[in-house]
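Please read the structure below before turning to the comments.
The values are calculated or read from the model by the stated rules, or taken from the named source; none is laboratory data. This structure is a prediction, so every number in the text was calculated from the model and none was measured. No Cβ is skipped: glycine too gets one built from the backbone with ideal geometry, and neighbour counts run over all protein chains shown. What goes into the accessible areas is simple: the full protein's heavy atoms, side chains included, and nothing from ligands, DNA or RNA. Shrake-Rupley method; radii C 1.70, N 1.55, O 1.52, S 1.80 Å.
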Amino acid sequence: MASSTNALPPTGNGLIVSFGEMLIDFVPTVSGVSLAEAPGFLKAPGGAPANVAIAVARLGGKAAFVGKLGDDEFGHMLAGILKENDVRSDGINFDQGARTALAFVTLRADGEREFMFYRNPSADMLLTPEDLNLELIRSAKVFHYGSISLIVEPCRSAHLKAMEVAREAGCLLSYDPNLRLPLWPSAEEARQQILSIWDKADVIKVSDVELEFLTGSDKIDDASALSLWHPNLKLLLVTLGEHGSRYYTKNFHGSVEAFHVSTVDTTGAGDSFVGALLSKIVDDQSVLEDEARLREVLKFANACGAITTTKKGAIPALPTEADALNLIKEA
């Protein structure tokens, strides 16, 4: 069956390797209360790069996670969750000395979040360049990462090494800074380090809040977004929550509307969006130069992000392709 030129591309078979942290979010059983007032907490596995890997696999793509977990019950639980979700785990290391990272999350009444982290140091921070499974990284078509892995050594060196190896192997480099200010020594340090690897990425996704933070401007407009453009960039994305997303390439830019759903918890929506995008471009990067097809992919990614906000926790809420196509059809 011939597909129309701007039909949604199939999910690719190329490997998407996601690098960084995986941790456990402790989410209050009740929304809209402070951590002190919360009567109890549910364990919710998370960590943006791990969420992206599971998002890809849930959509039928091939994903692997590279990072370090504590050699403790929580670490083995997280490795088990990756395996259950068909994410390759041959890039995972376990640290005997440090614990798996934890985060206590406050869910505000509007579904937005505040964080309190337990990481001093946590296992993910202790990944070394020697720990890396370079064969796995070299076999990827897309290498995706955030910025939390840049905060401290030795993980920062492992991150830079992994990026370099991926670049040499011809991977598409995908970057979602995923700003978590409480983890950085200062806002200035966060801005500086996030931007220190900016010009290495082929695809960058920022949220509206991250755009304001990185540019120092309170305007979320094309000029502000394009101030973050660099000459080697293939695609810059700005996600705007319930206002959809904007896209910028060398030759065109525009916006794609959001899908309206009843939001319970925004955790993982951006990761779901990224996973959806990467799964659709991994085998055919020419999509990045074809606005009609790119818009179809971004509509699909917006649908995946929207669905992820309709349930508590990131991983249980990540959609299948059929879920996303149903939402698009009903809209």
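Using unit Cβ charges (K, R positive; D, E negative) and no other charged atoms, how large, in debye to the nearest 20, is the dipole of region 15-330 about its Cα centre? Walk me through the intermediate numbers first.
Values: 30 positive and 44 negative charges, 64 e Å.
Value, rounded to 20: 300 debye.
Put simply, the amide H of L69, placed in the peptide plane, has neighbours under 5 Å in N93, F94, D95, leaving out anything fewer than 5 places away on its chain. Pairs of Cα atoms nearer than 8 Å and 6+ residues apart set the relative contact order; for region 196-240 it is 58 percent. Sparse packing (at most 10 other Cβ atoms within 10 Å of the Cβ) combined with a DSSP loop state is found for none of the GluC sites (Glu not before Pro) in region 258-320.
How large is the accessible surface per residue of the chain, computed with a 1.4 Å probe and reported in Å² as a whole number? Write out the running numbers ahead of the final one.
Values: 13740 Å² over 331 residues.
In whole numbers, the chain has 42 Å² accessible per residue.
For Cα pairs less than 8 Å apart in space and 6+ apart in sequence, what is the mean separation divided by the residue count of the chain, i.e. the relative contact order in percent?
Values: 759 pairs, mean separation 62.8, N = 331.
Rounded, it is 19 percent for the chain.
Per 0.36 nm of contour for each residue apart, how much would the distance between N120 and S286 grow if the chain were fully extended, relative to their Cα-Cα spacing?
Working: separation 166, 0.36 × 166 = 59.76 nm, distance 4.31 nm.
Full extension of this stretch gives 55.4 nm more.
I need the peptides 62-73, 251-262 ranked by packing, meaning the mean over residues of other C-beta atoms within 10 angstrom, with the highest value on top.
62-73, 251-262
Return the tail of the calculated pair distribution for region 102-258, meaning the percent of Cα-Cα pairs more than 22 Å apart. Tail of P(r) above 22 Å: 47 percent of Cα pairs.
Of all accessible surface on the chain at a 1.4 Å probe, what whole percent is carbon and sulfur?
On the way: 6910 of 13740 Å².
Solvent-exposed carbon and sulfur of the chain make up 50 percent of the total.
Among the protein heavy atoms, those of L126 account for about 50 Å² of accessible surface (1.4 Å probe, every chain in place). The packing ranking of peptides 304-317, 95-108, highest mean first, is 304-317, 95-108, where packing means the average number of other beta carbon atoms within 10 angstrom of each residue. Ordering of 158-171, 227-240 by packing is 158-171, 227-240, highest average first (other Cβ atoms within 10 Å, averaged per residue). For region 37-138, the relative contact order works out to 25 percent when only alpha carbon pairs closer than 8 Å and six or more residues apart are counted. Treating region 15-330 as a set of equal point scatterers at the Cα positions, no solvent, please give the Debye-formula log₁₀ I(q)/I(0) at q = 0.08, 0.12 Å⁻¹. The computed values of log10 I(q)/I(0) come out as -0.31, -0.75.
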